[in-house]
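K.L.:
Before I ask anything, let me first share the structure, which is written out below as structure tokens.
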Amino acid sequence: MISAMQDHEGTADTSAKLRDRAAAVLHANDAGQWTKASPHLYPHQWSWDSAFIAIGWAHLDVRRAMTELEQLFAAQWSTGLVPHIVFRAGPDEPYFPGPEWWDCASSSAAPPLPIQTTGICQPPVHAVAVQRIWQLTPQAQRPEIRGRIQALYPRLVKWHRYLATQRDPEASGLVTAYHPWEGTDNSPRWDHALARIKVAEPGSYARLDTTEIGDPSQRPTDWDYDRYLWLVGLLRKYRYNDAEIYRHYPFLIKDVFFSAILVSANAALLDLADVAGASDSDREQLASWLDRGRAGLARNFDTESGLCVDYDVRTGERIRLRTFAGFAPLFAQTADAGQRAAQMRLLDSEDFCGNPRFRWRLLPSTSPSEGAFEPHNYWRGPIWPIIDWLLWRSLRMLGYRDRADKLRSDSLGQIAEAGEFAEYFEPFTGKALGSTQQSWTAAVALDWSAPPD
Ligand code: 2M8
């Protein structure tokens, strides 16, 4: 636990201490070639956690950072899917639901045993991580890291191809999410689609998360878990075959946040194309996915609210909720000046960071003006540092340097004052919530603590 710091605005001394403590979290969660997402609640390797974690490692050891991603991609499916969890912890570190619930061996696309994974995926932050690793690679290590990036690059392209094709058979530019566990578990964005599932009888099960956290009100409800597990059962039944899933499965949501991260990741891969020696056809392909993604997001921008909206593929319904995901154009670094200006105004309005009751001027997972808002419940209100990191990165790239600096200093202030690299934070009090010693929180704190480039 970090001792509360008096000067959280960051003197050289306090930020050096924060950096050391963040590094200590990564070292404590380091399993050798991969990093636990957190020591107890999440003892395996998670996909987008690993991408952020690699960014953290890049400040300590760029080789170790590359290893994190190489290990994750060693579990890539033949379709290109990068699984959301690679089950790596031993039997003395239980997690629910474990590999038996997923039974990935039922799919011919899954990697062979002993690798065990889930059959869904998470936002593709990995190329962004590789880009950051390369930026931080010292001259002397460039030949080695360049070689390793060259080896990983085709796998990254294959991953993006999976998302741009199997997860977007309509060629809409937007990625279809199959499950709330594909990023933001109990976000109210999924409430309607989950409520449409009338019968959810997944069989008997015992949750571990609520026992681990102690306060069940910080976690999804049993109603949610019944549906999460019911959906896993259906995916298993369709043997994770995307065409089958598209034909029969009830939960298909065009997720604008996931899609925005893909846009940003395609831009990162194009930026790395010379380093990786990418072929002309890969470059053309990446550029076309990038354009298509931007166009898809632009089509789903709601001028009335100033937010981008998800939609339900099954019902055609637009999901009009005020959540962080509505800022997809910012997360995708949109080139549309009108959308950018509208989103910047909204960002600091009372509905989001500018709420006068907030302890820090940070982006909440759900707007306090939304009926579903719950300030301490997981993705239904709390502030998640990784989301603010993605926003910070975008704002810097878009030239909003002052606003980005404020996001950075408030985020570090929040962590320092709460005294914990928590999974998420209560927006009114800044109190630490969820898991402690969360690797990705430590990783983004390391990146934020580094001298600006
Ligand atoms: C959370 O999700 C897991 C399931 O994947 C859980 O609640 O058990 C989410 O915040 C997810 O986005 C994150 O990758 C994972 C590990 O930090 O935890």
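The values are calculated or read from the model by the stated rules, or taken from the named source; none is laboratory data. Values in this document were obtained by computation on a predicted structure and should not be read as measured data. We place every Cβ from the backbone using ideal geometry, glycine too, and count neighbours over all the protein chains shown. Remember, those area values only see protein heavy atoms, side chains included, never the ligands or the DNA or RNA. Shrake-Rupley method; radii C 1.70, N 1.55, O 1.52, S 1.80 Å.
K.L.:
Using Stokes-Einstein with the Kirkwood hydrodynamic radius over Cα pairs, what translational diffusion coefficient do you get for the range 156-220 at 10 °C and a viscosity of 1.306 mPa s, in µm²/s rounded to a whole number? Display every interim value, and only then the final one.
P.N.:
Values: Rh = 14.8 Å.
D = 107 µm²/s.
K.L.:
Provide the per residue accessible area, probe 1.4 Å, for the chain, rounded to a whole number of square angstrom.
P.N.:
Solvent-accessible surface per residue comes out at 36 Å².
K.L.:
Accessible area, 1.4 Å probe, largest first: how do K254, K158 sort?
P.N.:
Details: K254 0, K158 80 Å².
Result, largest first: K158, K254.
K.L.:
Ordering M66, M397, M344 by accessible area with a probe of 1.4 Å, largest first, what comes out?
P.N.:
From most accessible down to least: M397, M344, M66.
K.L.:
If I compute solvent accessible area with a 1.4 Å probe over the protein chains, what percent of it on the range 350-393 is carbon and sulfur? It would help to have the intermediate numbers written out before the result.
P.N.:
On the way: 510 of 1230 Å².
On the range 350-393, the fraction of accessible area on carbon and sulfur atoms equals 42 percent.
K.L.:
Let me know the charge dipole size of the chain about its Cα centre in debye, to the nearest 20, where only the beta-carbon of Lys, Arg (+1) and Asp, Glu (-1) is charged.
P.N.:
On the way: 47 positive and 56 negative charges, 155 e Å.
Dipole magnitude for the chain comes out near 740 debye.
K.L.:
Principal axis extents for the range 179-337, Cα atoms only, whole Å, descending order, please.
P.N.:
Result for the range 179-337: principal-axis Cα extents of 52, 39, 35 Å.
K.L.:
Find, among the GluC sites (Glu not before Pro) in the range 69-176, those assigned to loop by DSSP (not H, G, I, E, B) with at most 16 other beta-carbon atoms within 10 angstrom.
P.N.:
Details: sites: E70, E100, E144, E170; in loops: E170.
Those that pass, being in a loop and sparsely packed, are E170.
K.L.:
Here is a follow-up. For the range 262-398, what percent of Cα pairs sit more than 24 Å apart?
P.N.:
Working: 3359 of 9316 pairs.
Percentage above 24 Å: 36.
K.L.:
Rounded, prolate or oblate: which fits the range 296-357, taking a ≥ b ≥ c as square roots of the Cα gyration tensor eigenvalues, rounded meaning a/c under 1.5, else prolate when a/b beats b/c?
P.N.:
On the way: a/c = 2.41, a/b = 1.36, b/c = 1.78.
Oblate shape, in that a/c is at least 1.5 and b/c is the bigger or equal ratio.
K.L.:
Below 21 Å Cα-Cα, how many Lys pairs turn up in the chain? Only count pairs eight or more apart in sequence, or on different chains, if you could. Kindly include the intermediate steps, with their values, before the conclusion.
P.N.:
Working: K17/K406; K17/K431; K158/K254; K198/K237; K406/K431.
Taking the Cα cut-off of 21 Å, the pair count is 5.
K.L.:
Please compute the Kirkwood hydrodynamic radius over the chain, one decimal place, Å, based on all pairs of different Cα atoms. Walk me through the numbers on the way to the answer.
P.N.:
Values: mean 1/r = 0.0456 Å⁻¹.
Every distinct Cα pair counted, the radius reaches 21.9 Å.
K.L.:
Debye calculation, C-alpha points only, no solvent: report log10 I(q)/I(0) for the range 338-419 at q = 0.17 Å⁻¹, in the same order as the q values.
P.N.:
Relative scattering, expressed as log10 I(q)/I(0), comes to -0.67.
K.L.:
Here's something else I'd like to know. Given a 1.4 Å probe and the protein chains all in place, what does the accessible area of L433 round to, in Å² to the nearest 10?
P.N.:
10 Å²
K.L.:
On to the next question. Roughly to the nearest percent, how much of the accessible area of the range 208-251 is carbon and sulfur, given a 1.4 Å probe?
P.N.:
Working: 1020 of 2050 Å².
C and S fraction of accessible area: 50 percent.
K.L.:
Using a 1.4 angstrom probe on heavy atoms only, work out the carbon and sulfur share of the accessible area of the range 38-157 in %. Walk me through the numbers on the way to the answer.
P.N.:
On the way: 2120 of 4000 Å².
After summing per-atom areas, the C and S share lands at 53 percent.
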